[in-house]
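Note sheet for the following structure.
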Amino acid sequence: MKDIIYLYDGTFEGFLTVVYSVFKRKILPKKIITNQEYHYNLFDKEEYIHTDFILSDKVFAGIKNISEHAMYNIFYAFLCDKNNKELIILDYIINLFRFKEKLIYMRNINSVLDVENMVKKVKREAHKFKGFVRFSKMENDIYYAKIEPDNDILEIVSRHFKKRLQNDLWIIEDAKRKVVSFYNKKDFVIVNKFSDIYERLIKTNKEIEYEQLWKCFFENVNIKERKNLRCQRNFMQKKYWKNILEVTK
Amino acid sequence: MEVIEKLKILSDAAKYDASCSSSGSKRSNSNGVGNAHYSGICHSFTEDGRCVSLLKILMTNYCIYDCKYCINKRSNIRERAIFTPQEIADLTINFYKRNYIEGLFLSSGVIKNPNYTMEKIIETIKILRNKYHFNGYIHAKTIPGCSKELIDILGSLVDRLSINIELPSNESLKLLAPDKKGDSIVSSMKYINEKKNKNKLEKKKEYFVPAGQSTQLIVGATKESDYKILTLTEALYKNFNLKRVYYSAYISVNQDKNLPMVTTPELKRENRLYQADWLLRFYGFKSHELLDEKNQNFNTLIDPKLDYALRNLDKYPIEVSKADYFTLLRIPGIGITSAKKIISTRKYVKLDYETLKKIGVVLKRAKYFVTCNGKYYTNASNYNKKIIYKELGYDNIKQLSLF
Ligand code: SF4
């Protein structure tokens with residue numbers, strides 16, 4: 001019999017629906033992958049699992065019932081850009097039902113360590129981006145920022161700015177995943193990039209003045225006698241620079 | 001003068017203050033602008049590798065005082081500027097909304113007199129808090145010698161207050177900053193701390209310096225040893241509950257017969273002090289364990305914890321499957337994360353070196369100082385002072401540090 005590959009839509013609920021199917025059929029898949037990433041071939045047998053909110057809720061509740069901490073880990077790990085994250089998290093969930101809440105500390109199991117590291121990676125990058133996001137104020141008082149993080153942290157970052165800039169309109173675009181977060185002074189929604197409205201946003205002259213002021217501050221607060229570029233790049237990796245105003249050339 | 005000109009002068013003049021932290025305050029946003037994130041957020045990093053979190057500026061670099069080590073001292077001829085309170089408030093709020101910064105760090109030279117300067121600082125922060133409803137992080141300097149009433153007002157508006165001691169002894173202070181009295185610095189720290197404690201006791205809910213106080217010490221401008229500096233630090237943490245002591249390696253900005261000429265700052269020494277400071281605050285070390293009358297200065301070649309371990313080999317090896325948290329922290333190479341992981345893992349899993357490695361404990365150094373379930377690390381020989389000294393190159397280090 002050919003190994004089965006489950007395809008899903010890439011959402012967290014979709015993934016939990018796949019988990020439900022695995023438990024129901026008691027067959028471990030060879031791979032779980034989004035249908036966008038999957039290349040059809042002759043050797044594999046694949047099956048698309050439709051996202052079902054009722055089923056995903058069931059799995060969610062089942063996990064949360066055992067351990068809220070584990071649920072939190074699973075949610076964060078899922079945002080990680082790691083290859084094959086789905087199978088790792090699946091293994092974690094299977095073990096969770098076996099070992100219950102103490103699983104989190106059973107670091108001799110590979111998927112436990114992997115999940116822990118994935119969570120750390122996501123949290124670290126999300127924390128960094130709370131600092132690295134740069135908004136430009138556009139006409140009509142809309143603040144717009146573009147980010148290109150390794151992991152899928154737009155929701156975490158949006159939650160942060162929902163609290164911080166609650167009385168302003170803002171848009172954050174994850175240009176890597178082509179998704180956009182819109183905030184309307186009440187709540188944010190994350191949607192696929194559907195048109196180029198944000199390309200049509202216009203920067204004001206006042207905005208360019210503030211950009212210059214910021215760059216001026218950034219230059220002058222530096223102490224030349226203490227130059228340490230390696231240290232700078234350790235904390236703020238070059239891959240992020242193109243969206244960080246003061247260090248883009 | 002254009003705002004950008006002022007910003008150039010007054011950010012340049014503020015850069016020698018090492019403090020940048022935006023942590024320790026949980027100010028939530030109730031229908032205004034911004035909030036304070038408890039763990040602090042770095043927004044950028046300058047070429048010197050330092051974090052940029054706050055808009056760090058002076059209100060003015062005019063000063064009636066003449067502290068010898070300071071670039072803004074009265075007798076220096078240089079370009080001077082003054083921001084108006086409104087200008088500072090506008091810069092802050094506009095930088096903040098673009099997420100350039102986490103808040104404001106406002107310091108100032110002394111104009112007219114300490115009280116007048118404080119009043120201007122207060123006016124600025126009042127605009128931010130009351131007019132713009134700004135809930136982001138604000139760190140302000142207390143001006144030495146100002147009235148207690150003004151400290152009360154400023155303390156109720158900001159997250160953190162600091163007053164820089166700068167020179168680690170009264171003699172040095174007298175010599176280089178004759179206008180500043182050590183007593184007035186200490187008394188305002190004491191006042192703030194007592195008021196905080198009183199509020200806590202009486203369970204008052206009012207904001208008063210929620211992120212606490214910090215200070216800065218200049219390293220290398222005067223003759224104080226590391227031991228002297230570290231005991232001062234320890235006393236500040238203990239007596240005034242300071243949140244942070246910053247160290248700033250001295251760089252000559254002025255020529256003076258009482259000051260050394262330093263063109264390359266003693267960064268290594270500064271780094272050792274930060275490491276030791278960390279050991280005091282989070283690892284349960286006491287200053288006299290790290291240095292003493294005989295060893296007054298840190299070894300620049302090895303870090304303070306390894307140095308401690310090598311001088312106290314009789315207290316090792318430490319059994320990782322049993323030792324408590326603070327004992328684990330005494331193992332060179334094991335930090336807070338590793339210690340916590342060891343403790344949470346060993347409850348459920350029997351520890352061996354493989355597992356230690358897997359959970360991310362770095363054994364490169366630690367292996368000489370631990371046993372795991374009674375076993376000394378297999379690749380190393382038995383626990384033996386000579387071998388450890390040799391493997392870690394301590395023999396050479398000891399010889400070197402004699403010079
Ligand atoms: S009071 Fe402050 S600004 Fe004035 S000279 Fe002394 S250190 Fe410099």
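The values are calculated or read from the model by the stated rules, or taken from the named source; none is laboratory data. Here the structure is a predicted model, which means the values were calculated and not measured. Glycine gets a Cβ as well: all are built from the backbone with ideal geometry, and neighbour counts include every protein chain shown. The accessibility values were calculated without ligands, DNA or RNA, using every heavy atom of the protein model including side chains. Shrake-Rupley method; radii C 1.70, N 1.55, O 1.52, S 1.80 Å.
Stretching the chain fully between B:GLU171 and B:LYS26 yields a gain of 48.3 nm (0.36 nm per residue, less the alpha carbon separation). Taking the protein assembly as shown, the Cys residues with no second Cys beta-carbon under 4.7 angstrom are A:CYS80, A:CYS216, A:CYS231, B:CYS20, B:CYS63, B:CYS146, B:CYS372.
Ordering B:ASN239, B:ALA276, B:THR215 by Cα displacement along the dipole of region B:183-291 toward the positive end leaves B:ASN239 in first place; charges were set at the Cβ atoms of Lys, Arg (+1) and Asp, Glu (-1). In this calculation the C-beta distance from A:ARG200 to A:ASP81 is compared with R0 = 45 Å, giving a FRET efficiency of 0.90.
Structure note, pairs B:LYS120/B:LYS148; B:LYS97/B:LYS120; A:LYS186/A:LYS242; B:LYS26/B:LYS286; A:LYS186/B:LYS243: Cα-Cα distances above 26 angstrom occur for A:LYS186/A:LYS242; B:LYS26/B:LYS286; A:LYS186/B:LYS243. Using a cut-off of 12 Å between alpha-carbon atoms, which aspartates and glutamates can reach B:LYS305, once sequence neighbours fewer than 8 places away in the same chain are excluded? List returned: B:ASP277, B:GLU289. The label-point distance for B:GLU391 and B:ASN115, in a model that sets each label 7 Å from Cα toward Cβ, rounds to 6.7 nm. Residue by residue along A:136-149, Cβ atoms of other protein chains within 10 Å of the local Cβ number 1 on average. When both bridge partners sit in the protein assembly as shown, DSSP labels roughly 35% of those beta bridges antiparallel. For region A:48-140, what class follows from the C-alpha gyration tensor (a ≥ b ≥ c being the square roots of its eigenvalues): rounded when a/c is under 1.5, otherwise prolate if a/b is larger than b/c, else oblate? The shape class here is prolate. Between the amide H of A:ILE109 and any residue lying 5 or more places away or on another chain, no distance stays under 5 Å, with hydrogens modeled in the peptide plane. Between B:LEU267 and A:LYS102, the simple label model (points 7 Å from Cα in the Cβ direction) yields a spacing of 4.9 nm. Summed over both chains, the area buried between B and A is near 5000 Å², taken from the accessible surface of protein heavy atoms with a 1.4 Å probe. For B:ASN254 and B:LYS205, the FRET efficiency from 1/(1 + (r/R0)^6), where r spans their Cβ atoms and R0 equals 41 Å, is about 0.35. Which entries of A:LYS128/A:LYS176; A:LYS82/A:LYS120; B:LYS112/B:LYS180; A:LYS58/A:LYS163 show an alpha-carbon separation above 19 angstrom in the structure shown? Check vs 19 Å cut-off fails for A:LYS58/A:LYS163. The calculated FRET efficiency for A:ARG230 paired with B:ASN76, based on their beta-carbon distance and R0 = 45 Å, is about 0.85.
For region A:133-247, the share of alpha carbon pairs falling in successive 10 Å distance bins from zero is 12, 38, 34, 14, 2 percent.
Nearest 10 degrees, 0 to 90: what angle lies between the long axis of helix B:226-240 and the longest principal axis of chain B (Cα atoms)? Here the helix axis deviates by roughly 70 degrees. Peptide A:113-124 shows a mean partner chain C-beta count of 1 within 10 Å per residue C-beta.
With contacts taken as Cα pairs under 8 Å at a separation of at least 6 residues, region A:67-212 carries a relative contact order of 19 percent. Of all DSSP bridge pairs formed entirely within chain A, close to 50 percent run antiparallel.
Computed as a quarter of the hull surface, the mean projected area of the alpha carbon convex hull for region B:304-391 stands at 5.2 nm². Only protein heavy atoms count here; on that basis, with a 1.4 Å probe, A:TRP214 has an accessible area of about 0 Å². Site pair B:ASN239 and A:GLU139 shows an inter-label distance of 6.3 nm when each label is modelled 7 Å from Cα along Cα→Cβ. Magnitude of the charge dipole for region A:3-124, about its Cα centre and with charges confined to Cβ atoms of Lys, Arg (+1) and Asp, Glu (-1), is about 540 debye.
The angle between the Cα long axis of helix A:205-220 and the main principal axis of chain A comes to about 90°, on a 0 to 90 degree scale. Taking a ≥ b ≥ c as the square roots of the eigenvalues of the Cα gyration tensor, an a/c ratio of 1.5 or more together with a/b no larger than b/c marks the protein assembly as shown as oblate. Would you mind checking the tilt of helix A:68-78 against the longest principal axis of the Cα atoms of chain A, expressed as 0 to 90 degrees and rounded to 10? Helix A:68-78 and the main axis of chain A meet at about 70 degrees. Bridges between two residues of region A:47-178, per DSSP, are antiparallel at a rate of about 35%. Over chain B, what relative contact order in percent results from Cα pairs under 8 Å that are six or more residues apart? Relative contact order of chain B: 11 percent.
Which whole number gives the average count of other chain Cβ atoms within 10 Å of the Cβ atoms across peptide A:129-135?
Counting Cβ atoms of other protein chains within 10 Å of each residue's Cβ and averaging gives 6.
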